[in-house]
Amino acid sequence: MARYIVRRVLLSIVTLWLLATIVFLMTWVLPSDPARLILGAQAPEQSVAAFRLRVGLDDSFFAQYFRLIKGLVTFDFGHSWKYETYEVWDYLRTPLAKTSKLAIIAMIITAPISILAGLIAAKFRDRKLDRGIVLVGLAASSIPEFVTGALLAVVFGLKLEWFEPVYSTEAEKLSLWGQLSYLMLPALALALAYFGYIARMMRAGTIRALDSDYVRTATMKGLSSTQVMSRHVLRNAAAPTITVMSVQIGYLVSGIIGVELVFNYPGFSRVLLDAAIDGDLPVLQVAVIVSALIYMVATLMADLLIAWLNPRARLELGAS
Amino acid sequence: MTDTTNLPAAGNEASDVLQRSLTERKTARRERWRLLRRRPGFIIGVVIVGIWVFCAIAGDRITPYDPFTDRDSKYCARPPCPPSGAHWFGTDQIGRDIMSRVMMGARDLLLVAPTAAVLALITGSVLGMVMGYYRGWVDNLLSRVVEAFLALPVVMVGILVLTLSRSSDLLSAISFDSRNVLIIYVVALLFTPIVARTVRATVLGERDLDYVVSARLRGESNLFIMTREILPNITGPIVVELTVRIGYSIFTVATLSFLGVGIQRPSPDWGLAIAESRDLLPADQWWPVTFPALAIATLVVAVNLIADSIQTVYER
Amino acid sequence: MTITTSTLALDIKDLELAYVVRGINRPVLRGVSFSIKPGEAYGLVGESGCGKSTTAYAALRYMPRNGVITGGHILVDGDDITAMNRNQLREFRMHKASMVYQDPGTALNPTLKISKQLVEAFTILGQSRDHAHASAIAALQRVQIADPDRVMGRYPHQLSGGMLQRVVIAMALACDPKLLVLDEPTTGLDATVEAEVLDLVRNLRSETGAAILLIAHNLGVIRSMCDRVGVMYAGKIVEEGDASEVFDGPKHPYTVGLLRSLPRRGMHKRHAALATIPGSLPVLGSDLPTCVYVDRCPIVSDVCRNEVPPIAQLSSGHYTRCHHPDQVAKIDDLVPANLRDAGDQTVLQMEVSKTFRQSGHDVPALVGVNLSLTDGETLGLVGESGSGKTTLAKAILGVHAGDAGSRLTLDQHELASKITKRSTDDKRAMQIIFQNPDSALNASWTVRNILQRSVRKLTGKNKIDADARVAILAEHLRLSPRHLDMKPSQLSGGLKQRVAIARAFAGDPRIVVCDEPTSALDVSVQAAILNLLAELQSEQRTSYVFISHDLGVVRYLADRIAVMYLGRIMEVGTTDQIFGGVNHPYTEALLSAVPNLDGAPSRRIKLAGEIPSPANPPSGCVFHPRCPRAIAGLCETAEPPVVEVSVGHAIRCHIPPAELRALQSAN
């Protein structure tokens, strides 16, 4: 197991380095003149030149590249270009925390419900209940989060008035409980998207386990269906679900951007979009890399969890 | 549960015989088509997608008003106006008929998203095939790059590339002046590694089968084995991947447009329309957001219903 | 309920079972009746698709999701399990009946340790945790697992197939069942392991007194294990009786066909062709109003087509469902063969070693294999799985290159080690027939395309000539023109294998490697394929390298046999030499592990332990840790010499042949 963990972590580091390189290449190749981009077309030539010198844009390709990699290693990414007094990480930290709060609430709402729904669907396979869950799951996961968010805002915010249709900074003066009225709809929009993926995977994993020879063995031993479920099915059905949950955390970083915008939530997306529009390259680079890092940590944890649950997976992953 | 549990092992010998009797009568393809047509989800999906495709093609020839210019000052003095007999879906902030715009809004999306998916499928299939077939260092290297791409959040990289390309001499030099073409390339680039991973896994499952060994023993070239021996046997997973990918592509393009970096004005694109009118929500003006949102929802659900049916039938 | 039935361990009465396919009932079992007395062992035989496994599972009322019992009763120890509700059924499975499955690798939960799964079998009986743990240890000892504590701490994937099957048996015996159902318990295991598992079941049976229902396609296994047998065909038992009576004096044409299609002891292709059963099994759920065997029967008459055959009682307990049991004896027995003998001109000379690199370690898969092949000769390769048979085949074909220093000489010229470096003529000279035609034939090509491509690629013929050649090939292999336009999935297993053979012969090869070409096929189909291979060889003077785990088949087809163990040739000789006399101790053990079809008791030479990993081969003679005749102090230190026993018969062993002979005739 230890060897597997080391191997897996080393591979992650290689992946991280590669993706940082990809991001750097994109920001290097695409804008013709990053300084002009951020300072605007009207800025005088001297100030553009001064800016280039200040942030090191005149340095060679490799010098700039190594600056980013060094920043990654030391977790010190320098300053924002737009708000030069801010360090990039400080600039990103607060919105990142807000976004995380939203994602965690969504996960808390959705994880138990969708796992249960997947189990129920598998158990009543091909009956009406199953078809219903599958259809809801399909719709929930295929509709973009911002669309779900908009529709939720209209129905539960404007028409039924159960929750606040848009977020307001007023909320931050309230207790977490009080904030829920503001957070509920964006969290729900995310939760619905998770629901589709998790429930579908749980259903598929459970069905595969139910169809397996070892469940047949357990049934023939005389175990009741509840015993078979809890002792033999769950553990085996968990692996694909865990994988999907971890991968979703990554995709959610994308989905959450739309939701935040719909509800005017002051999270990561605002910063990211602003940085993109302003051409604040350091912030942009770090924002993308940090999101990828979250995804990688999530999948790493999931793989370790699966390896712990299923010794055979440990073997396969270690060998590959 | 004992009576409802499937039992593949016990069914094996019988299902073998059954399989034989089925295939004796029909080819697998016809059988799959027959099964598809029996799935209500597939039919519903095809009908809905068909309606949107029709709207996209017919465009302003069938819309009740001109989606771009008509400002209705007779029925609606102070836009946006709520749904009425004249404007079933209401009008937007500047008095344009929302129904006309929603009907027309499918055009760009249905041009951009499926094209991107098809492009990604082609490049991804080639890449995945090479990785899975040659394995070794080629595969190791490319797999790491694919892994890295997979870790990047699609929408974020989309934002990054699409905004930075505004000031790109490079891109304008190779004539990416059309925004939609640029979106196609970006989405295709982002989806290529995902397709490559799927195709690679499928090819890995095929390449060690004896028919491939047999082809080598009669001296076939690698290109022949990849394209003529293996490819026809992995069309199932590739077709499934295409339908799934089209769904995701629509999802992604709509999201990018909503974020303001995708399809641009004056297109009546749905994502764009939601973005432009979401500020009206607190004022209880729900219609400019709701109808484009429902349009996106129906289209993606329909596409996914089709994808899901095809997947079920192929993996049967 | 009468007293007589209540004493039966299993009593199945007129059982009818159907699978519901698209709302239509497709009958699978068409009135199956048989019973097993306590302590008795009953075997069900028949080809795949006859319904024997369905019957086995039905005995514990376990069916596929679409399975329904449409008639009849199943009584176990007097209780009708078809009338039980869910809880009663659970209690019944818990206490009265158990099952052992075909594939022990999947029958156990991969995520749980053996201890957890085995202990569970005792805790559900109401035992406390500690008590159950002690019972589990005892159960493992009972199935002759030497170190139960170690096995308890393992996960299923860490144990070998034979070991897993022991665990499953231990689990099945936990409740001291009245009825033990074994569904192909040794299929997929090596003959040596199979013999051990069967020994174990035999011992436990006399110990526990449980009634046994054994399903196996291997008739030898049934013969050696069962008191009574039922022969199934198309969901019906067509003949039933004492094992010796049924096997020695079959009275149903199907039983006769089954038995005669097997190469029996001492039979060789030169003496006689194997009998075959024409036609194929009726498809599932087809309407069979009269005799189920009517379409394939050699002694069919009008009455068979019009009337359901009555049960013809032959002696007490022996019956057959046939209108003409008296005519069964008239079915032609052996078809004399007219085959040419192998030549003496050497076609292929091989000196091969092959080492794989596996995560930084050298794994020797072939070590100094030195063999030759003459024209028209069949060289049989035998050995347990992992002995290197297939690796040798692939090295010969150039699929993977042998180590430096390996030499392959074909007709006096040296062959390149890799296929890509070989000339078209060399490629054409050597082809292969795989075990599984499903993966060997490209599923998306038509048979015609498959054959045509091989002909054109190997012979360089133009399209018209290639078409003509395909037609000739098809005729040779008895493929009709209709088959040529089908895809492999539309053909039966036997037909698919014919296509694979036709492809191998597309360019008139000098050598064809046959890698277990019949092990995925039913015996009647196997017979036809073996006959065909023998005929083709005789006509075309092709040499075969024939790999098989079935010693009966090898004995029938091979002219010479090489016995492999851990990548080394342990013994090589003519078929008569191998089966007739002095053997390497490993060969001796292999030969003794085969269950006899003629019921003669065989003396088993037991092998200790399992095949060692090739990555870490034992010192000295690689066989010494398992060898019952190992000489202490010698075999574990020194590599044994290759000793020539007689002309063409060589043994790699420290024990002199004369001494081996004495030892082997002594038991």
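The values are calculated or read from the model by the stated rules, or taken from the named source; none is laboratory data. If you're wondering where the values come from, they're calculated on a predicted model, not measured in any experiment. Cβ sites come from the backbone with ideal geometry, for glycine too, and all protein chains shown count toward neighbours. We work out accessible area using only protein heavy atoms, side chains counted, and drop any ligands, DNA or RNA first. Shrake-Rupley method; radii C 1.70, N 1.55, O 1.52, S 1.80 Å.
Listed by first and then second residue, the pairs linking a residue in segment B:193-220 that is on the phi < 0 side of the Ramachandran plot and more than 7 Å from chain C (Cβ to nearest Cβ) to a residue that is open to solvent by less than 50 Å² (accessible area, probe 1.4 Å) and hydroxyl-bearing (Ser, Thr, Tyr), with Cβ atoms under 6 Å apart and 6 or more places separating them unless they lie on different chains, are B:199/B:125; B:203/B:133; B:207/B:133.
Residue count for segment B:87-129, restricted to those that are open to solvent by 10 Å² or more (accessible area, probe 1.4 Å), within 14 Å of the chain's Cα centre (by Cα) and small (Gly, Ala, Ser): 0.
Answer yes or no: is there a residue in segment C:393-402 that is open to solvent by 30 Å² or more (accessible area, probe 1.4 Å) and touching a His at 6+ places or on another chain (Cβ under 8 Å). Yes - at least one qualifying residue is present in segment C:393-402. Residues that are crowded, with 22+ Cβ neighbours inside 10 Å and of a type in the set (A, V, I, L, M, F, W, C) within segment C:512-527 comprise C:512, C:513, C:514, C:521, C:523, C:525, C:527, listed in sequence order.
Residues that are modelled with pLDDT under 90, facing another protein chain (nearest Cβ under 8 Å) and surrounded by fewer than 24 Cβ atoms within 10 Å (Cβ to Cβ) within segment C:20-62 comprise C:21, C:26, C:48, listed in sequence order.
Mind listing whichever residues of segment C:76-110 are at the interface with another protein chain (Cβ under 8 Å from one of its Cβ atoms), closer than 20 Å to residue C:204 by Cα and of a type in the set (A, V, I, L, M, F, W, C)? Result: C:94, C:99. Only one of the numbered conditions (1) farther than 27 Å from residue C:340 by Cα; (2) out of contact with any Ser or Thr (no Cβ under 8 Å at 6 or more places or on another chain); (3) hydroxyl-bearing (Ser, Thr, Tyr) is not met by residue C:409, and that is (1). Residue-level check: of (1) within 32 Å of the chain's Cα centre (by Cα); (2) within 12 Å of chain B (Cβ to nearest Cβ), residue C:473 misses just (2).
Table: residues versus (1) charged (D, E, K, R); (2) open to solvent by less than 30 Å² (accessible area, probe 1.4 Å); (3) in contact with a strand residue (DSSP E or B) (Cβ under 8 Å, 6 or more places away or on another chain); (4) on the phi < 0 side of the Ramachandran plot.
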| position | (1), (2), (3), (4) |
| --- | --- |
| C:569 | no, yes, yes, yes |
| C:583 | no, yes, yes, yes |
| C:594 | no, no, no, yes |
| C:610 | yes, no, no, yes |
| C:630 | no, no, no, yes |
| C:637 | no, no, no, yes |
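Being touching a helix residue (DSSP H, G or I) at 6+ places or on another chain (Cβ under 6 Å) and at pLDDT 90 or above is a condition met by at least one residue of segment C:601-620.
Per the listing A:43, A:49, A:63, the residue uniquely farther than 17 Å from residue A:275 by Cα, in a loop (DSSP other than H, G, I, E, B), open to solvent by less than 60 Å² (accessible area, probe 1.4 Å) and among the small types (Gly, Ala, Ser) is A:43. Quick one: which of C:197, C:229 is away from every other protein chain (no Cβ under 14 Å), at negative phi and assigned to a strand (DSSP E or B)? Result: C:229 is the single residue among C:197, C:229 that is away from every other protein chain (no Cβ under 14 Å), at negative phi and assigned to a strand (DSSP E or B).
Filter segment B:268-277 down to the residues that are open to solvent by less than 10 Å² (accessible area, probe 1.4 Å) and at the interface with chain A (Cβ under 8 Å from one of its Cβ atoms), then identify the one that is farthest from residue B:239 (Cα to Cα). Among residues in segment B:268-277 that are open to solvent by less than 10 Å² (accessible area, probe 1.4 Å) and at the interface with chain A (Cβ under 8 Å from one of its Cβ atoms), the one farthest from residue B:239 (Cα to Cα) is B:274. Scanning segment C:273-287 for residues that are buried (at least 18 other Cβ atoms within 10 Å of the Cβ) and not polar (S, T, N, Q), we see that the one that is nearest to the other protein chains (Cβ to nearest Cβ) is C:284.
For (1) open to solvent by 30 Å² or more (accessible area, probe 1.4 Å); (2) free of Cβ contacts under 8 Å to residues at least 12 places away in the same chain; (3) away from chain A (no Cβ under 12 Å), each residue gets a yes or a no:
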| site | (1), (2), (3) |
| --- | --- |
| B:242 | yes, no, yes |
| B:253 | no, no, no |
| B:266 | yes, no, yes |
| B:279 | yes, yes, no |
| B:291 | yes, no, no |
| B:297 | no, yes, no |
| B:308 | yes, no, no |
| B:312 | yes, no, no |
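Report yes if some residue within segment A:93-102 is in contact with an Asp or Glu (Cβ under 9 Å, 6 or more places away or on another chain), assigned by TED's automatic domain parsing to the domain that holds residue A:293 and either open to solvent by 60 Å² or more (accessible area, probe 1.4 Å) or of a type in the set (Val, Ile, Thr) (or both); otherwise report no. Yes, that holds for at least one residue. Within segment C:164-194, the set of residues being under 26 Å from residue C:133 (Cα atoms), open to solvent by less than 30 Å² (accessible area, probe 1.4 Å) and either more than 13 Å from chain A (Cβ to nearest Cβ) or among the hydroxyl-bearing types (Ser, Thr, Tyr) (or both) comprises C:166, C:185. Among the residues of segment C:116-133, is there at least one that is more than 30 Å from residue C:153 (Cα to Cα) and surrounded by fewer than 17 Cβ atoms within 10 Å (Cβ to Cβ)? For segment C:116-133, residues more than 30 Å from residue C:153 (Cα to Cα) and surrounded by fewer than 17 Cβ atoms within 10 Å (Cβ to Cβ): absent. In segment C:502-523, the residues that are free of Cβ contacts under 8 Å to residues at least 40 places away in the same chain and not assigned by TED's automatic domain parsing to the domain that holds residue C:457 form no Cβ pair under 6 Å with any partner that is surrounded by fewer than 24 Cβ atoms within 10 Å (Cβ to Cβ) and of a type outside the set (A, V, I, L, M, F, W, C), whether six or more places apart or across chains. Scanning segment A:156-201 for residues that are at the interface with another protein chain (Cβ under 9 Å from one of its Cβ atoms) and assigned to a helix (DSSP H, G or I) yields a total of 3. Checking each residue in segment C:323-339 for being within 16 Å of residue C:260 (Cβ to Cβ) and not acidic (Asp, Glu) picks out C:327, C:328, C:329, C:330, C:331, C:334, C:335, C:336, C:337.
All of B:62, B:98 fail the test of being in contact (Cβ under 8 Å) with a residue 60 or more places away in the chain, closer than 22 Å to residue B:112 by Cβ and among the aliphatic types (A, V, I, L, M), apart from B:98.
Screening residue C:211 against (1) of a type outside the set (Val, Ile, Thr); (2) over 28 Å from residue C:552 (Cα atoms); (3) within 14 Å of chain A (Cβ to nearest Cβ); (4) open to solvent by less than 10 Å² (accessible area, probe 1.4 Å) leaves a single unmet condition, (3). The criterion of at least 2 residues that are within 14 Å of chain C (Cβ to nearest Cβ) is met by the following helices (runs of 4 or more DSSP H) wholly inside segment A:208-320: A:213-221, A:225-228, A:234-262, A:281-309, A:311-319.
Listed by first and then second residue, the pairs linking a residue in segment C:318-333 that is of a type in the set (Lys, Arg) and modelled with pLDDT under 90 to a residue that is surrounded by fewer than 20 Cβ atoms within 10 Å (Cβ to Cβ) and not in a strand (DSSP E or B), with Cβ atoms under 8 Å apart and 6 or more places separating them unless they lie on different chains, are C:330/C:299.
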